[in-house]
Structures are given as structure tokens and as C-alpha cells.
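This report concerns only the one structure given below.
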Amino acid sequence: MNTKEIKFHNVMASTVKDMNTSLAVLLQSFEANGALAQRMNDEHKQSFSNMHYEVARLQNNLFHLHTLYRIEYERLPLVHDEHFVYEFLEEQVLSVNGLFVLADVRVNIECAQDLSSYFDAELVSSIIITALVNASRYTQDEVIIKALPHDDGLLIQVDDNSRGFPKNLLDKFNEGVQQESEELNEQGLGWLYCNEIAKSHKNRGRTGYVSLSNDSVLKGSRFEVWLP
Amino acid sequence: MRALQVLIADDFENSRQSIRKILLSVGVENIHVTATGKGVLDECKSKKFDLILCDYNLGHGKNGQQVLEEVRDLGYLKSTALFVIISAETSRDVVMGIMEAGPDEYLTKPFTQSVLVKRIERLVQQNGELSEVKKALAKNSPQAVLTSCNQLIKAGSRYSAWCRRKMAEAFYDIKQYDKTKSLCHLVQSKRDLDWAMVLEARVMKETVSLADAIVHLNKVVAQFPNCIKAFDYLAEYLEEKGDSEQAQDFLESAVELSPRVMSRQQTLVNLSLANGDLDIALKSSQQALKLSANSHYASAEQYLQAAQVISESIMGDVSAESRKKAQDAFSLLNQATKKFPEEATTKLNKVLIESQIYSSQGKRDQANLALKEARGMIDEHAGLLTPVMALEMGKVLYATDQHEAAAEMFDHILKNNSVDKRLVAKTYAFLDEPVGLVARLKAKQDNLIGLSLYENKRYEDAIEAFKKAQKSSPIHPGLNMNLVQTALKLMETTERNQSLIGLCIDSLDRIKHITDRHKQFKRYRSLKAYVSRHFQTSP
């Protein structure tokens, strides 16, 4: 890289960090004011919830962008450690819980307490958060997160009782996954990012994947990630 | 949670208070706060905390990683203390550095209140279950680690996987390699694990061979390109095998992966110096110096090393630029004795490097003066003349043309069987090529040209190339023996030739400093035997 590029990359990296901090402060105040929002009238509550949702999405997208940047320019190290899956999922739910509380959504984690698995917690967290933020937006009132050992790996499913993924989104996603096409529509971009992260998890010749369907046990949409 | 003694360290008042509030809200009563690394050290010295939440950025002084290294090293932590590093930094350098320091937990900012609380609750719960193992680890007692881990596994603990790792390491420590091996095998039934593969390689080194261990480590780095330990061991093993250039390659990769560890930078300085790679030596010695700021592990060593590298880099170069570099080196040496005024070895080292620099700048009088000062110090304290110092002293004597006195110093090392193998190799490295770096590089190039000509069977041209190399580095064993072998090869195809015979005898005569502890001794012995048998010279 030349000096101009280095300068740009440094500015970019520190700007992202700075934006991330701002968004974190925002999210923290959304969380802190959750109780207050509960007492608002429906109209205010709805707009509070919208703001919270958009900020959560912003932060998540920023994280995606930053991760892709680090993969490209910093050879992002994958940290495959053993994690207890239940605890991991519980933390993910907690970090976006405000969204669920406000929308009166019941969230259940179905996972054996002592199930453990190997993965990069930070990266897989960004996948699950993407799924949860999305579910919080579209589900009616229930979300089930289920994790189980499957096919010598770990399967995590996020089911909701929304109206399901629109057919064109599913088509686009499957097309994107299969063809690795260069042109992506913005709608499916987040999901394809998730797939890339899942794919970066490898074990003995097998790689992870993400799938989207409307096979939810709650008759809504289902997000699935399998990690080897 | 209630009874926990907690310390919060963050240079921002807001962050300190927000974490404090979170902890107060879940009933933690004993909370101390501090803004600086020094504050953490002071607090930990006077009080035994259960939990330390330490931000990576602590203003201008020590960072979180340095604080952790220091409190551990000074024994300020109790064996069951939890040290959590919190950081908003995501750059690879920082993350790798923190990981290598090994905190109990690493938490990236931002996090929500509930996540922090959950994390702490779990850490405390886990710590309770593993307390016996942690105590055993702190006491450095493998036997106790094995016993307590076994108990946990038998009781069906959810931390069994962690226990098996600790057990595998403990078995290695007490040299029960078979058990280490079978545990590594067991934990890898479903997936390869970097730590287990590294441990397997270490076992191979002890029970099979160095070469097999190196092959295995190569597999680890191919599969786990971030496994820093594998790079470190590869470099170490390759150096032991005598392949110091490849060792340097791997160590450079390790440094690139995790540049913030001072000791690794210093190892790289030594290795690259030995390989004559001054660019890398300069870079890593400057890095080590930079990292020594605020570090508990800072010593005169980093200053001396940096000055030494500069001294090597300007050997025989009297340009204005190199005079300026010499001044930099002098200033580093002065800082070394200023910061560590009590150390006699540091002073001696300083004076020796000064003499070396004066010599290489053609300032004979000043070089001799510094040498005299060094001699005075040794006369006063004979204990100062350790084998390591003897090598430095010998080099300086050689530089001031006192070859006999220098030889005496080298004998000090080479005739002493208790001296470390690496120091012997270093001494020979100097004896083989007591010339400046420019000459060394030129010789190396011509030698390579000679080798490729030899491979193409152009023996006469090869001889000319080796002769050219010989001019730059007259007594280098490798190239002199290449010359001999080429001359012998040529005589196989043509007839005996008195001038070629003379060349062989002269070349072997140049390298008679080789003794049985030299790595090229066998080759030298057989060539010498061959030449004297066939050409009837006296041995």
C-alpha cells in the first residue's frame, strides 16, 4: 500500500471504531430506557422500537463492513475456541433483548446446557445477531432458538412466527449462495455475509453454511446455520 | 457476587463509573477504581482482588496487557483471581498481544449491561468449579493438576475438555510422553486442535526425532495459520537443526502475526544478526526498544541490542550517514547506562560496543581507549568475563588488530565444554567470517554463483567465482570447501594439475580454525583426509 492508501485505511479503521462506540452508547441508552418505553403510549412505543431496531441494524451492518475490511486488509484471525452453546446464545439474546421486550416477543432457547462447540464467538455472534434483529422485526410474538449437534457439527436454528421470507428473497439468497454472483441486491446482502462467515469455519474438509427457509416450527421463517 | 472484591481500571471516568454502576446494581459492594496502570499495580499490591476489570487503553503509561504481565510476574494476584481485559481495539496486533498474555477473559467493547453481568457470573461460577486446578497450576505442580482434573472429569464436569488439555500439558511436564500422546489423540477424535497438534510435535521431538517434529509443526501452521505457538516452536526447532535461515522465516511470520511481544522481537534480532540479515535485525531491534517502554520486562538488553545492530550495520562504512548512525548508537548506549546505572555488565557491554563502533569508523585511538576501559573493568571484577562477554571482547580485540589476544578470548569459549551450543555457533560464525557485512554479502553472492556454475558442470568458471568470493571473505569454511571440491571434481575429468592442488591445500589451510565442535567439522575432516592421501602433503 502507498502512504496515501495507508492513511485512508487508518482513517477508515478509526472512524469505524468511533462510529461503533457512538452506536454502542445509543444502544445502551435504548436498553437503559426500555422500562420507560414500556410506559409510553403505543404510538411512542412503536417509534421508540423503530429507532432501537434501526440503530441495532446500523451497528450490525457496520460490524459486517468492518469484518469484511479486516478479512481483506488485516488477515482477520479466526479464533476457534470451545464455547458452551447455551451460554453463547443466551448472551446474544441478552444483547438485543430490548427489541424483543418492547415488541412483546417471547424468546426461548432450546439447547442442552452442556452442549459445547468450536467456533469464532465474535463472528458467529454477528450471524446470530443478524438473525435475531431480523426476527424481532418480522415475527408476530414468538421466536425459538434451537441448537443441537447435527451431522458431526453444530446446527443453530432461529424460528419465528412471521409471515415467512418473501419468495424473491429466498430465490435471491439461494442464487447468491450457489453462483457466488458479483451482483447482489441489497436486501440479501446481510444473509450472504452470514454465509461467508459460516463458510470460513472448516473442519476436516467440511465447511459451514447458512440456509434460509420457511420451515419454521412456528410456521414463519427459519434461519439456519451449520458449523462443522 | 456480593462478596467479590473488584477493581475497575479505565482511563475514562465515564467508563469507570458505568461499569461500577452495573456492578453495584447486582449487589457487588467492594469496588475499587483506578485510572492508570500504576494504579492497578498499587491496588493489587496492597489488596487481593477476586476480579479485575482492566481496560486495554490506560492513557500514556502501561496498557492492560503490560499490567497483566506485571501483576502476574510480581505475584500480586491470588491463584483464583480473575483478570479480565476489556478493549475497544480490534486491530490484530492488539488482539493477538492480549491473547498471548492470556487473561481469564477478553471482552470487546461495546457490550450491554446484561452481557457484562452474565459474563462475570459465569466466570465466577466456573472459577469456583476449577479452583483446585487453578491453585495447582499456580503452584506449578503437575501432579496436583492431574489429580484435580481427574476428579473433575470423573464427576462429569462440563469443563472436562479444558481439564484434558491441562492434563495433557501436565503429563508433558513430567515427561510421561505416552500419556500426553494418547490424550492428544483422544481429544482430536472429531477435529484437529492446534494446541494438541503442537503438543504432539513437542512429544515427537522428545521421543521420535527433531525432523519429525518439524514436519508435524509444518502441518499445524498450514492448517492453523494463526497458531503463533506453532511458529515459535518451528523457529526454535529449525534453529536447533542448524537451519537458521528457515527458522528466521518462520519467526518473521510469527512477528508479523503478533508484533507486540518484546521477547519474540529480541529473538528475531539475534537470529537475523546471526544470518547477516541486517534489515530485519534493525527493524526488530527498534520494535523491541519501542515495546520496552512501560514494560515490566524492559532491561538494558534492548538498548544494547539496538546499538549493537547499528554497530554491525556501519562496520567499515565511514560515510556521513553512517557517522550519524554511530551517534544514534552512542546515544542508545548512554540511555542504557543511565536507565540501569547499577549494572556492571551493562557498562562493560556499552564500552565494548563503543570500541567496536570507533574501530569501524577508523578511530583507532578512541577504540583503544574504550578497550582499555573494558580491560580495567574486567581486571577489577574477573567475574564479568562470562563466555558471552568473552565473545564480545574477542570481537573488539580483533577489530583493533590484537589477533592473539582475541584468539585467547575465543579459546575461552571453544575449549569450555559447558558453554552453550548456540554461543559456540555464534563464535564460529564470527571466526568464519571476521569481515564487514558488505564483504559477507558479496562473498555469499559469489558463492551462490559458483554453486550454480558447479551444478551446470562448468567447473572452471565455478572455481573463478569461488576465488572471487574468497577475496571478500578469506577464511569462510563453506566457500573454501566448495572451492576444494570443485578443484577435485575438475581433476577427475582432466589431469592432475599442480596449481589446482596448490589451490586445495591453500584453501584448507585457510580454515584450520575448524575444530570438532564446528558444524562443518565432518566435511572438513574428510576433505582434508582425501587431499593429504592423494596429494601426499603432510596433514
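The values are calculated or read from the model by the stated rules, or taken from the named source; none is laboratory data. No experiment lies behind these values; they were computed from the predicted model shown. Reconstructed Cβ throughout: ideal geometry from the backbone, glycine too, with neighbour counts over all protein chains shown. When the accessible area is computed, the model is the full protein with side chains, heavy atoms only, and any ligands, DNA or RNA have been set aside. Shrake-Rupley method; radii C 1.70, N 1.55, O 1.52, S 1.80 Å.
Scanning for something aliphatic (A, V, I, L, M) and in contact with a Pro (Cβ under 8 Å, 6 or more places away or on another chain), does the stretch B:192-206 turn up at least one residue? Walk me through how you get there before you give the answer.
Here is the first cut: in the stretch B:192-206, the residues aliphatic (A, V, I, L, M) are B:193, B:196-199, B:201, B:203-204.
Subsequent filtering for residues that are in contact with a Pro (Cβ under 8 Å, 6 or more places away or on another chain) retains none.
No - not one qualifying residue is present in the stretch B:192-206.
May I ask you to say which residue of A:THR15, A:THR67, A:THR21 is within 12 Å of chain B (Cβ to nearest Cβ) and free of Cβ contacts under 8 Å to residues at least 24 places away in the same chain? Break it down stepwise before answering.
On the way: A:THR15 fails: within 12 Å of chain B (Cβ to nearest Cβ); A:THR67 fails: free of Cβ contacts under 8 Å to residues at least 24 places away in the same chain.
On inspection, the qualifying residue turns out to be A:THR21.
Which of the residues that make up the stretch B:246-281 are under 18 Å from B:PHE430 (Cβ atoms), assigned to a helix (DSSP H, G or I) and either aliphatic (A, V, I, L, M) or open to solvent by 30 Å² or more (accessible area, probe 1.4 Å) (or both)?
Once the filter is applied, which keeps residues that are under 18 Å from B:PHE430 (Cβ atoms), assigned to a helix (DSSP H, G or I) and either aliphatic (A, V, I, L, M) or open to solvent by 30 Å² or more (accessible area, probe 1.4 Å) (or both), the stretch B:246-281 yields B:VAL269, B:ASN270, B:LEU271, B:LEU273, B:ALA274, B:LEU278, B:ALA281.
From the list A:PHE173, A:PHE165, which one is part of a loop (DSSP other than H, G, I, E, B) and modelled with pLDDT under 95?
On the way: A:PHE173 fails: part of a loop (DSSP other than H, G, I, E, B).
It is A:PHE165.
Please go through the stretch A:27-54 and give me each residue that is of a type in the set (A, V, I, L, M), more than 10 Å from chain B (Cβ to nearest Cβ) and surrounded by fewer than 18 Cβ atoms within 10 Å (Cβ to Cβ), ordered by number.
Applying the first criterion (of a type in the set (A, V, I, L, M)) to the stretch A:27-54 yields A:27, A:32, A:35-37, A:40, A:51.
Subset that is more than 10 Å from chain B (Cβ to nearest Cβ): A:35-37, A:40, A:51.
Result: A:ALA35, A:LEU36, A:MET40, A:MET51.
Specify which of the listed residues (B:LEU77, B:LEU7, B:LEU41) is of a type outside the set (Phe, Trp, Tyr), touching a strand residue (DSSP E or B) at 6+ places or on another chain (Cβ under 8 Å), over 23 Å from A:GLN28 (Cα atoms) and in contact (Cβ under 8 Å) with a residue 24 or more places away in the chain.
Values: B:LEU7 fails: over 23 Å from A:GLN28 (Cα atoms); B:LEU41 fails: touching a strand residue (DSSP E or B) at 6+ places or on another chain (Cβ under 8 Å).
Answer to the selection: B:LEU77.
Considering B:VAL388, B:VAL396, B:VAL419, B:VAL424, which residue is not charged (D, E, K, R) and not in a helix (DSSP H, G or I)? If you could, list the steps in order and put the result at the bottom.
Details: B:VAL388 fails: not in a helix (DSSP H, G or I); B:VAL396 fails: not in a helix (DSSP H, G or I); B:VAL424 fails: not in a helix (DSSP H, G or I).
Among B:VAL388, B:VAL396, B:VAL419, B:VAL424, only B:VAL419 is not charged (D, E, K, R) and not in a helix (DSSP H, G or I).
Quick check on B:LYS205: is it open to solvent by 60 Å² or more (accessible area, probe 1.4 Å), at pLDDT 95 or above and closer than 30 Å to B:LYS519 by Cα? Even if it seems obvious, please write down each step before you answer.
On the way: open to solvent by 60 Å² or more (accessible area, probe 1.4 Å): no; at pLDDT 95 or above: yes; closer than 30 Å to B:LYS519 by Cα: yes.
The answer is no for B:LYS205.
Which of the residues belonging to the stretch B:501-522 are open to solvent by less than 40 Å² (accessible area, probe 1.4 Å) and touching a residue at least 24 places away in the same chain (Cβ under 8 Å)?
First, pick out the residues of the stretch B:501-522 that are open to solvent by less than 40 Å² (accessible area, probe 1.4 Å): B:501-504, B:507-508, B:511, B:514, B:518.
Selection gives B:ILE501, B:LEU503, B:CYS504, B:SER507, B:LEU508, B:ILE511, B:ILE514, B:HIS518.
For B:ALA196, which of the numbered conditions (1) open to solvent by 60 Å² or more (accessible area, probe 1.4 Å); (2) at pLDDT 95 or above; (3) under 27 Å from the mean Cα position of the chain (by Cα) fails to hold?
(1)
Restricting the first residue to the stretch B:185-203 and requiring it to be over 11 Å from B:ALA168 (Cβ atoms), which pairs with a second residue that is among the acidic types (Asp, Glu) and surrounded by fewer than 21 Cβ atoms within 10 Å (Cβ to Cβ) meet a Cβ separation below 9 Å and a spacing of at least six or different chains?
Going by the 9 Å Cβ cut-off, the qualifying pairs are B:LYS190/A:ASP152; B:ARG191/A:ASP152; B:ALA201/B:ASP212.
Does the stretch B:146-191 hold any residues that are within 14 Å of chain A (Cβ to nearest Cβ), of a type in the set (Ser, Thr, Tyr) and farther than 27 Å from A:ARG206 by Cα, and which are they? Don't jump to the end; show me each part of the working.
Step one: list which residues in the stretch B:146-191 are within 14 Å of chain A (Cβ to nearest Cβ), which gives B:152-153, B:155-166, B:187-191.
Next cut, of a type in the set (Ser, Thr, Tyr) only: B:157, B:159-160, B:189.
Matches in the stretch B:146-191: B:SER157 only.
Somewhere in the stretch B:25-48, is a residue within 14 Å of chain A (Cβ to nearest Cβ) and not aromatic (Phe, Trp, Tyr)? Step through it out loud before you land on a result.
So in the stretch B:25-48, the residues within 14 Å of chain A (Cβ to nearest Cβ) come out as B:25-26.
Right, trim to not aromatic (Phe, Trp, Tyr) and you get B:25-26.
Checking the stretch B:25-48: at least one residue is within 14 Å of chain A (Cβ to nearest Cβ) and not aromatic (Phe, Trp, Tyr).
Yes or no, residue by residue, for (1) closer than 24 Å to B:GLU105 by Cα; (2) not hydroxyl-bearing (Ser, Thr, Tyr):
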position	(1), (2)
A:VAL96	yes, yes
A:VAL101	no, yes
A:LEU123	yes, yes
A:THR130	no, no
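With the requirement that a residue be more than 8 Å from every other protein chain (Cβ to nearest Cβ), open to solvent by 40 Å² or more (accessible area, probe 1.4 Å), under 29 Å from B:LEU193 (Cβ atoms) and assigned to a loop (DSSP other than H, G, I, E, B), what does the stretch A:79-120 give you?
Listed by number, the list holds a single entry, A:ALA112.
Please work out which residue is least open to solvent (accessible area, probe 1.4 Å), limiting yourself to the stretch B:1-42 and to residues that are among the basic types (Lys, Arg) and within 18 Å of B:GLY61 (Cα to Cα). Spell out how you get there, then give the answer.
Step one: of the stretch B:1-42, the residues among the basic types (Lys, Arg) are B:2, B:16, B:20-21, B:38.
Filter once more, keeping what is within 18 Å of B:GLY61 (Cα to Cα): B:16, B:38.
Working: B:ARG16: 27, B:LYS38: 132 Å².
My answer is B:ARG16.
Filter the stretch B:208-226 for residues that are modelled with pLDDT of 95 or more and in a loop (DSSP other than H, G, I, E, B) and give the result.
If the condition is that a residue be modelled with pLDDT of 95 or more and in a loop (DSSP other than H, G, I, E, B), then B:VAL208, B:SER209 are the ones that fit.
I need the full set of residues from the stretch A:71-93 which are at pLDDT below 90 and of a type in the set (A, V, I, L, M, F, W, C), in order please.
Once the filter is applied, which keeps residues that are at pLDDT below 90 and of a type in the set (A, V, I, L, M, F, W, C), the stretch A:71-93 yields A:ILE71, A:LEU76, A:LEU78, A:VAL79.
Of the residues that make up the stretch B:86-105, is at least one touching a helix residue (DSSP H, G or I) at 6+ places or on another chain (Cβ under 6 Å), part of a helix (DSSP H, G or I), under 17 Å from B:ASP50 (Cα atoms) and without any contact (Cβ under 8 Å) to a residue 60 or more places away in the chain?
For the stretch B:86-105, residues touching a helix residue (DSSP H, G or I) at 6+ places or on another chain (Cβ under 6 Å), part of a helix (DSSP H, G or I), under 17 Å from B:ASP50 (Cα atoms) and without any contact (Cβ under 8 Å) to a residue 60 or more places away in the chain: absent.
Anything in the stretch B:97-116 that is within 11 Å of chain A (Cβ to nearest Cβ) and either of a type in the set (Ser, Thr, Tyr) or open to solvent by 20 Å² or more (accessible area, probe 1.4 Å) (or both)? List them, or say none.
Across the stretch B:97-116, the qualifying residues are B:MET99, B:TYR106, B:THR108, B:LYS109, B:PRO110, B:PHE111, B:THR112, B:GLN113, B:SER114.
Suppose we keep only residues that are open to solvent by less than 30 Å² (accessible area, probe 1.4 Å) and among the small types (Gly, Ala, Ser) within the stretch B:55-87. Which one would you say is nearest to the other protein chains (Cβ to nearest Cβ)? Please lay out each step first, then the result.
Initial filter on the stretch B:55-87 (open to solvent by less than 30 Å² (accessible area, probe 1.4 Å)): B:55-56, B:58, B:64-68, B:70-71, B:81-87.
This time we only want the ones that are among the small types (Gly, Ala, Ser), so: B:64, B:81, B:87.
Working: B:GLY64: 17, B:ALA81: 21, B:SER87: 11 Å.
Result: B:SER87.
Condition test on B:LYS47, is it in contact (Cβ under 8 Å) with a residue 40 or more places away in the chain and out of contact with any Cys (no Cβ under 7 Å at 6 or more places or on another chain)? So that I can check it myself, show each step before the final result.
On the way: in contact (Cβ under 8 Å) with a residue 40 or more places away in the chain: yes; out of contact with any Cys (no Cβ under 7 Å at 6 or more places or on another chain): yes.
Yes: the conditions hold for B:LYS47.
Looking at A:ILE145, A:ILE129, which is the one that is under 30 Å from B:THR90 (Cβ atoms) and more than 14 Å from every other protein chain (Cβ to nearest Cβ)? Show your work before the answer.
Working: A:ILE129 fails: more than 14 Å from every other protein chain (Cβ to nearest Cβ).
Every option except A:ILE145 fails the conditions.
Does B:GLU132 fit the bill of being within 12 Å of chain A (Cβ to nearest Cβ), open to solvent by 10 Å² or more (accessible area, probe 1.4 Å), in a helix (DSSP H, G or I) and of a type in the set (Asp, Glu)? Reasoning before the result, please.
Values: within 12 Å of chain A (Cβ to nearest Cβ): no; open to solvent by 10 Å² or more (accessible area, probe 1.4 Å): yes; in a helix (DSSP H, G or I): yes; of a type in the set (Asp, Glu): yes.
In short, no.
So which pairs qualify, if the first residue must be in the stretch A:113-142 and more than 26 Å from A:ASN214 (Cα to Cα), the second must be open to solvent by 30 Å² or more (accessible area, probe 1.4 Å) and among the acidic types (Asp, Glu), the Cβ gap must be under 6 Å, and the two must be at least 6 apart or on different chains?
A:SER116/A:GLU82; A:TYR118/A:GLU82
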